[in-house]
Amino acid sequence: MSGAAGAGPAERWFADRFGGRPEGVWRAPGRANLIGEHTDYNQGWVLPFALHLGVTVAASRRDDGVLAIASRQAPGAPVGLPLATLVPGAVTGWAAYPAGVAWAVRETGHPLAGGASLAIESDLPQGAGLSSSAALECATALALAGLYGLDLSRPELAALAWRAENDFVGVPSGIMDQSASLLSRAGHALLLDCRSGETTDVPLDPAGAGLGLVIVDTGARHALGDGRYAERRRECDRAAALLGVTSLRELTSPAAAAGLADSVLRRRARHVITENARVQETVTLLTGGDLAGVGAVLRASHASLRDDFEVSWPEADVAVDAATAAGALGARMMGGGFGGSALALVPAGQRAVSAAITAEFGRRGWPPPGFVRAVPSAGALRVR
Ligand code: GLA
């Protein structure tokens, strides 16, 4: 294992900030989403997978009722937060994520009496749309549960990490990222039905198919809290209400969206309905061993996110077009939108696609994008 993947770097960081050896080390991955974008908060289906990159937390209990947090990505003295003072809005910045998890754990009736020292190490780029915040929440949740021997299932941990983000940090995300980080299985994507919570592991082995999944970090930074994500959520709720359903998930035919007089709401609803169908189609293809066939579905997803849902951004559109022109089977923007990463399905060992994207960026005077090979990996675990 490299980077922050092993226990070592986080343990050394713990010794540096708090002294001594931590009681344990926990790690939670970031995620990529193969398909199913902006469907989770519409009670639909998503098909993400865990990455090999993630957040590692080395932690010990304390006896003074304080949550002490030190992040190697935000150097400085540890932040010390008395547990009793944790209320939504009380903490801002990166520390709000682990603090929010401690708050959410306490809200479920587990007092975490003495507090905890958390030393955080990450090899996930922030703001790249790979869910670094969910990975931080999930690693913290697993660490606190482990330290205090709390009997919480993985879905329960995902729910409280999600609650930390929504109710404590105040970012209105869906449940996809936390579920992917905690529930994924290596070599598989995670099919999650966001209405029932039911999950199914779907085989996803790009290398075995002679293909590769490449994440293109477009360099454009996004923030879910900037209002545009929340606006999409409101539009979807409004469309569902006007169509007389509890969520857009209830609709299976794109023709149902035609009943909306407002052309913006009509397009938003059409995206959600067709994207849910694309998730099902992708699962059928993967189950039948046809990963190559997913390429066309990725392309259709991107067009829908760009034209109907209007959450794509210039760097993503250029990356997707350049990738496809250079031989990718398919590509699409990934995540909430307005910045972050794209995902491309390429023939294995192909450098032409990344070279073409870099060249197109250069032609526009944009900084070169970053490339990460996406390996469907295991969900969060105790490392030591
Ligand atoms: C962000 C959110 C997820 C999901 C995606 C869009 O990543 O955190 O819950 O809504 O956007 O699919």
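The values are calculated or read from the model by the stated rules, or taken from the named source; none is laboratory data. As the structure is a computational prediction, the values presented were derived from the model and not from experiment. Don't worry about glycine lacking a Cβ; one is built from the backbone with ideal geometry, like all the others, and counts go over all protein chains shown. For accessibility, only protein heavy atoms count, side chains too; no ligands or nucleic acids. Shrake-Rupley method; radii C 1.70, N 1.55, O 1.52, S 1.80 Å.
Things worth noting here:
- Backbone geometry of the stretch 27-43 corresponds, through the Karplus equation with coefficients 6.51, -1.76 and 1.60 at θ = phi - 60°, to 3J(HN,Hα) couplings of 9, 10, x, x, 9, 10, 10, 5, 6, x, 10, 6, 9, 5, 7, 9, 6 Hz, x marking Gly and Pro.
- Distance from the stretch 292-327 to the stretch 59-132 (C-alpha centre basis), Å: 37 Å
- Overall, the chain carries a charge dipole of about 400 debye about its Cα centre when +1 sits on the Cβ of Lys and Arg and -1 on the Cβ of Asp and Glu, all other atoms neutral.
- Comparing Gly89, Gly44, Phe14 along the charge dipole axis of the stretch 14-149, the residue lying farthest to the positive side is Phe14, per the Cβ-charge model.
- For the stretch 174-183, 3J(HN,Hα) per residue [Karplus equation, 6.51 cos²θ - 1.76 cosθ + 1.60, θ = phi - 60°, Hz, x = Gly/Pro]: x, 9, 4, 5, 5, 5, 4, 5, 9, 10
- A simple charge model with +1 on the Cβ of Lys and Arg, -1 on the Cβ of Asp and Glu and nothing else charged puts the dipole of the stretch 16-97 at about 220 debye relative to its Cα centre.
- Karplus-derived HN-Hα couplings along the stretch 342-358 (A = 6.51, B = -1.76, C = 1.60, θ = phi - 60°), whole Hz, x at Gly and Pro: 10, 10, 10, 9, 10, x, 4, x, 7, 9, 4, 5, 5, 5, 5, 5, 4
- Put Phe168, Phe338 in order of accessible area, highest first, and with a 1.4 Å probe you get Phe338, Phe168.
- Pairwise Cα distances in the chain exceed 25 Å in 54 percent of cases.
- Computed packing ranks the peptides 138-145, 36-43 as 138-145, 36-43, most packed first, by mean other Cβ atoms within 10 Å.
- Radius 15 Å from Cβ of Ala258, net charge of other residues (Lys, Arg +1; Asp, Glu -1): +2
- Annotation: amide H-H contacts under 5 Å for Ala220 (H modelled 1.01 Å from N, sequence separation of 5 or more, or interchain): Gly340.
- Distance between modelled label sites at Thr92 and Arg221, nm, 7 Å Cα→Cβ extension: 1.6 nm
- The chain - mean residue ellipticity at 222 nm from DSSP helices (-39,500 (n - 2.57) per run, n ≥ 4, rounded to 500): -11000 deg cm²/dmol
- The solvent-accessible area of Leu286, taken with every protein chain present and a 1.4 Å probe, is close to 10 Å².
- Rounded tilt (10° steps) of 96-107 against the dominant C-alpha axis of the chain: 70 degrees
- Label-to-label distance, Asp307 versus Ala230, with points set 7 angstrom from Cα along the beta-carbon direction: 3.1 nm.
- When each of the peptides 113-126, 256-269, 173-186 is scored by how many other beta carbons lie within 10 Å of its residues on average, the order from highest to lowest is 173-186, 113-126, 256-269.
- The angle between the Cα long axis of helix 228-242 and the longest principal axis of the Cα atoms of the chain comes to about 60 degrees, rounded to the nearest 10.
- With all protein chains kept in place, the per residue accessible area of the stretch 199-343 amounts to 38 square angstrom at a probe of 1.4 angstrom.
- At R0 = 25 Å, FRET efficiency that the Cβ-Cβ distance of Gln350 and Asp193 yields, to 0.05: 0.15
- Most positive-pole-ward Cα, His302, Ser354, Leu248, against dipole of the chain from beta carbon charges: Ser354
- Förster radius 41 Å - calculated FRET efficiency between Asp151 and Trp366, Cβ distance, rounded to 0.05: 0.25
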